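The values are calculated or read from the model by the stated rules, or taken from the named source; none is laboratory data. In this text, all values refer to a predicted model and were calculated from it rather than measured experimentally. Positions of Cβ are generated from backbone atoms using ideal geometry, with glycine treated the same way; all protein chains shown enter the neighbour counts. Side chains are part of the model used for accessible areas, which takes the heavy atoms of the whole protein and leaves out ligands, DNA and RNA. Shrake-Rupley method; radii C 1.70, N 1.55, O 1.52, S 1.80 Å.
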Amino acid sequence: MTPPLSRGGTVLLASIAGTAIANNYALQPALATVAADLGAPLSVIGLVPAAALGGCVLGFAFLLPLTDHLAPNRLVPAQLAALAAALTLAAAAPGAPVLLTAYLLIGAAAGVAAQAGNIAGRDAPPGRRGAGVATVAAGMSAGILLSRMAGGALTDALGWRRMLLVFSVLALLGALAAARFLPGQRPLARRTYRATLASLPPLLHRHPQLRRAVATGGLWYFAFNLIWVALALALAQGPDHLGPTAIGLYSLAGLLGFAVLPLTGRLTDRYAPQVLISAGILAAAAGTALLAWGLDTPPVTALGLAVFDAGCFAAQAANQSRIIALAPQQSGSLSSVYLVLYFTIGAVGTSLAAPLLNTLGWRGITFTALTALLLAALVARPTPARLAAN
């Protein structure tokens with residue numbers, strides 16, 4: 001049996017998760033700048049976030065199950081080294097095709113963030129699974145939120161290519177720390193890696209709660225990506241034509257989501273996750289309703305983003321804790337199935353952001369996101385039978 005993960009190990013995993021997942025979002029405030037620099041249409045460069053999410057789907061399908069087979073101090077450093085290499089390729093990209101290919105690889109390697117959350121939940125001390133998952137989720141949310149601000153500021157200061165190289169160095173530093181401080185004991189896998197991959201599809205049939213988690217999580221992640229990608233494009237194209245730094249500053253509004261995650265972890269360890277999931281979705285819906293007022297009122301927009309992010313992050317932490325609890329020794333496989341479908345649905349939201357913004361405008365974006373969130377709340381609504389199952 002693997003010894004329980006230390007608090008320091010959990011914090012390290014949270015840091016790794018945050019700096020890794022940040023690479024899926026750091027370039028978003030600079031998409032217009034990148035398009036101008038490469039001489040490519042914004043509609044093409046706008047596919048960079050979708051390429052990153054597509055890469056995440058591949059990573060979750062083929063790399064996340066490795067957490068059930070390889071020691072953390074070998075698996076995590078290897079993926080972080082691959083992430084650094086992919087970032088270097090993106091920084092040297094001469095045009096859109098190479099940049100999109102690089103971001104496909106970046107997304108796959110950045111999936112190490114999900115491995116970190118899975119390791120933290122699986123190897124947590126007894127009664128601390130929710131807290132462990134929430135700690136890593138807090139690191140991920142900080143990475144997502146601060147990445148846009150850091151990416152925008154570094155782009156203005158150094159250029160977008162050097163900004164990517166800064167993130168490459170951070171990935172290498174994380175690899176060194178993971179090799180030194182993460183556990184070296186290999187999990188006791190009951191089957192080969194190939195057999196693990198073959199067993200993934202039947203898990204959806206075997207676990208009704210996994211199907212429900214996919215449906216609810218996918219819908220709110222669709223809304224999350226739709227809102228944030230459309231926001232970056234709308235602010236850059238709006239009457240004020242905001243630059244990368246100003247656009248990135250809007251991410252600070254999501255710090256409320258970071259603040260509620262420790263409380264979410266403690267409540268998940270004490271109460272039924274479905275209650276927290278439903279509450280998080282409804283909070284995100286309330287934030288989306290505020291955002292519908294438009295982008296010409298920055299305080300209202302900031303408040304809407306804060307409530308929206310807090311709801312999404314809290315729901316996600318509770319959802320992942322519930323999935324790991326279904327079968328801790330298969331947590332890598334269960335998380336793989338969940339996140340492949342979760343990010344696939346999220347990638348759809350990312351891909352639709354630009355065309356929907358052009359055809360429906362900002363109000364259409366918020367209405368679409370609100371519809372997705374209300375559907376998620378309908379699927380996730382707690383019933384006595386579901387609460388008993390938890």
* Asked: Fully extended, how many nm does the chain gain between Ala292 and Gln329 (0.36 nm per residue separation, minus their Cα-Cα distance)?
  -> 9.0 nm
* **For region 33-192, Kirkwood radius (reciprocal of mean inverse C-alpha pair distance, Å)** => 16.7 Å
* Putting +1 on Lys and Arg Cβ atoms and -1 on Asp and Glu Cβ atoms, find which of Ala306, Cys56, Gly151 reaches farthest to the positive end of the dipole of the chain. => Cys56
* Asked: How high is the relative contact order of the chain, in percent, counting Cα pairs under 8 Å that sit 6 or more residues apart?
  -> 26 percent
* Asked: Using the Kyte-Doolittle scale, which helices in the chain average at least 0.0 and also have C-alpha atoms spread 30 Å or more along the helix axis, with helices defined as whole DSSP H runs?
  -> 129-158, 160-181, 208-237, 298-326, 331-380
* Surface per residue (accessible, 1.4 Å probe) for the chain, Å² -> 38 Å²
* Asked: Carbon-plus-sulfur fraction of the accessible area of the chain, 1.4 Å probe, in percent?
  -> 70 percent
* Label points 7 Å out from Cα along the Cβ direction at Gln237 and Ala92: separation in nm? -> 3.4 nm
* **Computed [θ] at 222 nm, helices only, for the chain once each DSSP H run of length n ≥ 4 contributes -39500 (n - 2.57)** => -27000 deg cm²/dmol
* Label-to-label distance, nm, for residues given as Arg161 and Tyr193 (7 Å Cα→Cβ offset) -> 3.5 nm
* Listed residues Ala92, Ala109, Ala236, most fluctuating in the chain (Gaussian network, C-alpha, under 10 Å) -> Ala92
* Asked: Which of Thr67, Thr297, Thr350 moves most in a GNM of the chain, Cα contacts under 10 Å?
  -> Thr297
* To do: From the C-alpha gyration tensor of region 33-74, pull out the three semi-axes of the equivalent ellipsoid (sqrt of 5λ each), sorted largest to smallest, in whole Å.
  => 34, 11, 5
* Descending Cα extents along the principal axes, the chain, whole Å -> 58, 46, 34
